[in-house]
Structure formats: C-alpha cells, structure tokens
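Read the structure below first, then the notes.
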Amino acid sequence: MNGEFPTWLLENNTKLRQLSLVNDSLGGPFRLPIHSHKRLGMLDMSNNNFRGHIPVEIGDVLPSLYVFNISMNALDGSIPSSIGNIKFLQILDLSNNHLTGEIPEHLAVGCVNLQSLALSNNNLQGHLFSRNFNLTNLQWLQLEGNRFVGEIPQSLSKCSPLEGLYLNNNSLSGKIPRWLGNLTWLQYIIMPNNHLEGPIPVEFCQLDSLQILDISDNNISGSLPSCFHPLNIKQVHLSKNMLHGQLKRGTFFNCSSLVTLDLSYNRLNGSIPDWVDGLSQLSHLILGHNNLEGEVPVQLCELNQLQLLDLSNNNLHGPIPPCFDNTTLHESYSNSSSLDEQFEISFSIEGPDGDVEKQIRENFEFTTKNIAYIYQGKVLNLLSGLDLSCNKLIGHIPPQIGNLTRIQTLNLSHNNLIGSIPSTFSNLKYVESLDLSNNKLNGKIPYQLVELKTLEVFSVAYNNLSGEIPEWKAQFATFNESSYEGNIFLCGLPLPICISPATTPEASIDNEGDDNLIDMDSFFITFTTSYVIVIFGIVIVLY
C-alpha cells in the first residue's frame, strides 16, 4: 500500500485494538486523528517511508498503546515527551530513523511497564538516563548506533529483570560497572565500539545466564578473570582492547556451549592452552594479533566443529599439525545448515496479545583476500578458513591440509616453511584466497592448481620455487607477476617464457618431495656442460 497514514481507520473504527501496517510503501507525514483513540493497543508502522516528526501529542491521542513500533522509517526531530503518558506501554521501538536530541526524562519516569526500549541507529545524543528512572521492568534495552556520551548510568542497576543490553557504537566512557554482575538475568551484553576502560569486572563471573559478551573495540585492560566460565555462554568478543596476561585454566573452563571466541588484537602472551579441546562446540577461534608463543597445539584438532581458525601475527613456532582434517574444515557446505542457530539467536517478549520476537546476529572481523571484512549472521555458516600467517612456523606443509575442502581462505605466509607445495591443494575446491608467500618453499608449483575454479587471490612470492608456472588459463590467467615475484627460477606466463625443456606433469608430481632450491634437470645439464668446458679449457692451456 502507498499513500499517507490512514487516520480515517482510527476515526471510523473506535473499537480497533490492533493496527499493523508493516512492510508497506506508506509515506509522508505521520498524522493522528483529532480525537483520542482509547482502545488501540498495538500500532506497528515499521519499514515504511514515513517522514517528518513524530506527533508531539501521540501519548495523549493513543494513551492505551502497549506496543508502538515505528522503526525503519525516515522520521526526524526529537522523541515526544508525551510518550511518557502511555502508562501501559510495554514495547517501544523507534529504531532506524533520523531522530535527534536526548531521551526525554518523562519517558524514563512515566513508562513504568516498559519491557523493551529500542532507540538504536538514530542521531540521539547526550547522557543515557538521569537519576529519575522508573523503567524497573525493562528486559531489553537497545541504544546502539547513536552518539550517547558519558558513563553507563547507575540508574540501570534498578532493572533487575534486564536480559539484553545493547550499547554498541556510541561514545560511552568510564569503567564497566561492577553492578552489571548483579543483574543475574542478563543474557546479552553488547557494548563494542565505545571508549570504555578498566578491567572486566570479576562480578561477571556471577552471570550464569550470560550467552553473549561483546565488549570489543574499547580500551579494556587487565587480564581475563579466571572464574569466568558461564555455563550457557555461546559467544565471547573481546578483540581490539588492551588485555594482557595468559589464558588461565579457569577461564572458559568447561564452556561446552561456546561457539565463538574472539580475543584478537590484544596483548595476550603465553601459549595456547591445551585445555582448548574442552570447548567441544567451538566453531570460530580467533586469536590473531597477540603475543602468543609455543607450538600450535594438536588439541585444536579435537575441535570437531571448528570452521575458522585465526592464529596470525603471533610468535608461534614449530611445525603445522597434520591433523586439521579432523575438523569440519573438510566438510561440505550442506552440513552447515545445522549451525544457523549458533549465529542467529532469537527471543521473544510476551505482550498482552502475543509475543514480539527480536533477533541477535553475531558479527566479527576476518581477513581474506588481503582485506579485513565484517561477517555477520547466517553467512558465518559459509565462512571457513585457516590463517597461520606471520608466525615462526617451520617444517613442511602437511599434505593433509589439502583435505580441508571446505575452506575459502588459507594463509600460511610469512613463516619459515620449507619443502614443496602439496599437490593435494588441488582438492581445495572452494578456496578463494591462497597465500604461501614469504617462506622458504622450493620445487615446482603443482600444475593441478589450475583446477581451482574459485581462486581469486594467489601468492607464492618470495620463496625458492623453480620451473614453469601452471598453465596460464582459467583463474591463473588473472594473476600477474606480483603473485610470483622473488622466485628467480620461475618462468612462464605472466613471467618470461621458459627456455629450458618443457617439464611434464609427471615431473611436477615427482618434484613434490624435492627439497632442492633449483630445478634438478636444469642443474644436471648446466653442471655437465660446465664440467666439460672446464676440462677442455685446462687441456688447451696445458697444451
């Protein structure tokens, strides 16, 4: 439907209790009937094109609302303080508009029955709430994506039934309040991208109902509390902070429901603990950009649900474990549908005439194709990769890595790996980014890699590879000289044409176990010729 808001519907139907105009093409200003409508309990106008201000008299014209949803429109101006006159209001959603100003104090005082308040993704500013705060029945608070400043107010400690707290993408400062640990019903603490500081309160160890903790991209310092291991925790996002110290045995102990653990871009040290195999449901483990040491533990191979492992930019040493094909990195996409619920968590708030459902979507950052992307929601089910780059790993690349047929990205660059590139890499049918650069690999590039039809980024630069590059066709016809630079014995398009005898596919296979720095056929020919010339020269001189 299009046109303006149908005020005649309310004027001609005085007994109307629910009006839903969701997902239409209604637009123009939001006008109300002249006389008050005391029966209407639910008004949902979300996802339309309404513009202009919310009528200042809305709380007086529609005093019986228990659900008011006008999200995903283009409304501007301030939030009318008359909303505080709607005494029975339980769910208020004004998110995804262009609203400005502060949260009216009368709203925080008058709406005593409010259970869900969503003001996210507007242009609201100022401090969150004053001391005059009566929203003690609040279960869900969404204020993300605004310009709120100051500390998290003490007044929120009155919300004993609070289950979801969304304060991300603001400019909040100060320490994380310790009293949050007393809100025992809290399931979701979402506060990334602020200016919060100080340690993670030890009181968080009391949050037995906690499912998602996201305080990434702040200035959080100190170490992780050793007592933090909520039984129902599913996601922990603490990246881009200043956390330090080691991963203690008590932290995350027996968290068998944990799906995502993101501790990247911190200052953690020590080794990756061997108790990590106790996180039996772990699907995404992101520990990149820390100061972790020691070897890559084989216990990681016990994580049967593992889809994505990022240990890049640490100080890890030793060989790459050959057992990663025990994880779901090698399974097909058809098996990933059962993981939907891990990345999209739905819940409902009960109203007088039914439940109102809300949804939480996980998101995190992962680097692939040399670009850091933000992945969110169900797309995470399709994301799979292994990043061990920028460490001090040694030894050969295990051929079993080629059995990780599901991964889209494989990055082993900037290590000290030796030996040849396994021909089993041709099994990586979904790989989009393959980076083996800046190692000490030798031998030939397996010709079978031309079978990788999805490959977009490929680099073997700065190794000791030799021989002819795989045939310049399909995806390999899209790679330029930069993919091969730093290998002086490589030839073939897009590099200069090979002048040595063409090598056969069989030679490429046989060469996989060759650890020499140059092509052996060329070596023997050159050596024999040089030897004969030298001997002949000596004979001539002596003569």
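The values are calculated or read from the model by the stated rules, or taken from the named source; none is laboratory data. Because the structure is predicted, anything quoted here is derived from the model rather than measured. Glycine gets a Cβ as well: all are built from the backbone with ideal geometry, and neighbour counts include every protein chain shown. In case anyone asks, the SASA skips ligands and DNA or RNA and just uses the protein heavy atoms, side chains included. Shrake-Rupley method; radii C 1.70, N 1.55, O 1.52, S 1.80 Å.
One residue stands out in segment 293-324 among those that are touching a strand residue (DSSP E or B) at 6+ places or on another chain (Cβ under 8 Å), open to solvent by 20 Å² or more (accessible area, probe 1.4 Å) and touching a residue at least 40 places away in the same chain (Cβ under 8 Å): the one that is farthest from His414 (Cα to Cα), namely Pro319. Taking the condition crowded, with 22+ Cβ neighbours inside 10 Å, within 35 Å of the chain's Cα centre (by Cα) and closer than 26 Å to Met1 by Cβ, does Asn73 pass? It is true that Asn73 is crowded, with 22+ Cβ neighbours inside 10 Å, within 35 Å of the chain's Cα centre (by Cα) and closer than 26 Å to Met1 by Cβ.
For (1) farther than 19 Å from Leu238 by Cα; (2) touching a Gly at 6+ places or on another chain (Cβ under 9 Å); (3) modelled with pLDDT under 95, each residue gets a yes or a no:
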site: Trp140; (1), (2), (3): yes, yes, no
site: Glu144; (1), (2), (3): no, no, no
site: Thr184; (1), (2), (3): yes, no, yes
site: Tyr188; (1), (2), (3): no, yes, no
site: Met191; (1), (2), (3): no, no, no
site: Gln206; (1), (2), (3): no, yes, yes
site: Leu213; (1), (2), (3): no, no, no
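Of everything listed in (1) surrounded by fewer than 20 Cβ atoms within 10 Å (Cβ to Cβ); (2) modelled with pLDDT under 55; (3) in a strand (DSSP E or B); (4) not aliphatic (A, V, I, L, M), the single unmet condition for Phe364 is (1).
Screening segment 251-268 for residues that are open to solvent by 20 Å² or more (accessible area, probe 1.4 Å) and touching a His at 6+ places or on another chain (Cβ under 7 Å) and picking the one that is farthest from Asn219 (Cα to Cα) gives Asn254. Quick one: is His237 surrounded by fewer than 22 Cβ atoms within 10 Å (Cβ to Cβ), modelled with pLDDT of 95 or more and not hydroxyl-bearing (Ser, Thr, Tyr)? No.
Yes or no, residue by residue, for (1) out of contact with any Cys (no Cβ under 9 Å at 6 or more places or on another chain); (2) not acidic (Asp, Glu); (3) not in a loop (DSSP other than H, G, I, E, B):
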site	(1), (2), (3)
Lys429	yes, yes, no
Ser437	yes, yes, no
Leu441	yes, yes, yes
Ile445	yes, yes, no
Val450	yes, yes, yes
Phe458	yes, yes, yes
Ala461	yes, yes, no
Gly467	no, yes, yes
Trp472	yes, yes, no
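Among the residues of segment 21-46, write down those that are modelled with pLDDT of 95 or more and among the charged types (D, E, K, R). Within segment 21-46, Asp44 is the sole residue that qualifies. Close Cβ contacts (under 6 Å, 6 or more residues apart or on different chains) running from residues in segment 200-225 that are under 16 Å from Ser173 (Cα atoms) and without any contact (Cβ under 8 Å) to a residue 40 or more places away in the chain to residues that are in a helix (DSSP H, G or I) and not hydrophobic (A, V, I, L, M, F, W, C) comprise Pro201/Arg178; Pro201/Gly181.
Restricting segment 22-64 to residues that are open to solvent by less than 10 Å² (accessible area, probe 1.4 Å), within 38 Å of the chain's Cα centre (by Cα) and of a type in the set (A, V, I, L, M), the residue that is nearest to Leu114 (Cα to Cα) is Leu43.
State whether one or more residues within segment 272-288 are open to solvent by 60 Å² or more (accessible area, probe 1.4 Å) and under 22 Å from His414 (Cβ atoms). Looking for residues that are open to solvent by 60 Å² or more (accessible area, probe 1.4 Å) and under 22 Å from His414 (Cβ atoms), one finds none in segment 272-288, hence no. Only one entry of Ile509, Ile488, Ile518 meets the criterion of being hydrophobic (A, V, I, L, M, F, W, C) and modelled with pLDDT of 90 or more, and that entry is Ile488. In segment 233-246, the count of residues that are closer than 18 Å to Gly181 by Cβ, part of a loop (DSSP other than H, G, I, E, B) and assigned by the TED database to the domain that holds Pro192 is one or more.
On the stretch given as segment 1-21, residues that are open to solvent by 60 Å² or more (accessible area, probe 1.4 Å) and either in a loop (DSSP other than H, G, I, E, B) or out of contact with any strand residue (DSSP E or B) (no Cβ under 9 Å at 6 or more places or on another chain) (or both) total 9. Based on what the data block shows, is Leu75 assigned to a strand (DSSP E or B) and assigned by the TED database to the domain that holds His127? When the stated conditions are applied, Leu75 passes them. Of all residues in segment 156-188, those that are in contact with a helix residue (DSSP H, G or I) (Cβ under 7 Å, 6 or more places away or on another chain) and of a type in the set (Val, Ile, Thr) total 1. Do we find that Ser413 is at pLDDT 95 or above and among the polar types (S, T, N, Q) in this structure? Judged against the criteria, Ser413 is a match. Scanning segment 224-256 for residues that are of a type outside the set (A, V, I, L, M, F, W, C), touching a Ser or Thr at 6+ places or on another chain (Cβ under 9 Å) and farther than 20 Å from Asn313 by Cβ gives Pro225, Ser226, His229, Pro230, Asn232, Lys234, Gln235, Lys248, Arg249, Gly250, Thr251, Ser256. Taken over segment 478-494, residues that are out of contact with any strand residue (DSSP E or B) (no Cβ under 7 Å at 6 or more places or on another chain) and more than 18 Å from Tyr430 (Cα to Cα) amount to 8.
Against the criterion of being open to solvent by 60 Å² or more (accessible area, probe 1.4 Å) and at pLDDT below 95, Val379 qualifies. Taking segment 127-232 and the strands (runs of 3 or more DSSP E) fully enclosed by it, the elements with 2 or more residues that are surrounded by fewer than 19 Cβ atoms within 10 Å (Cβ to Cβ) are at 147-150, 171-175, 195-198, 219-222. Can you pull out the residues in segment 474-489 that are farther than 23 Å from Gln408 by Cβ and assigned to a loop (DSSP other than H, G, I, E, B)? Residues satisfying the conditions are Glu485, Gly486, Asn487, Ile488. Taking the conditions (1) part of a helix (DSSP H, G or I); (2) among the hydroxyl-bearing types (Ser, Thr, Tyr); (3) open to solvent by 20 Å² or more (accessible area, probe 1.4 Å) in turn, Ser82 satisfies each one other than (3).
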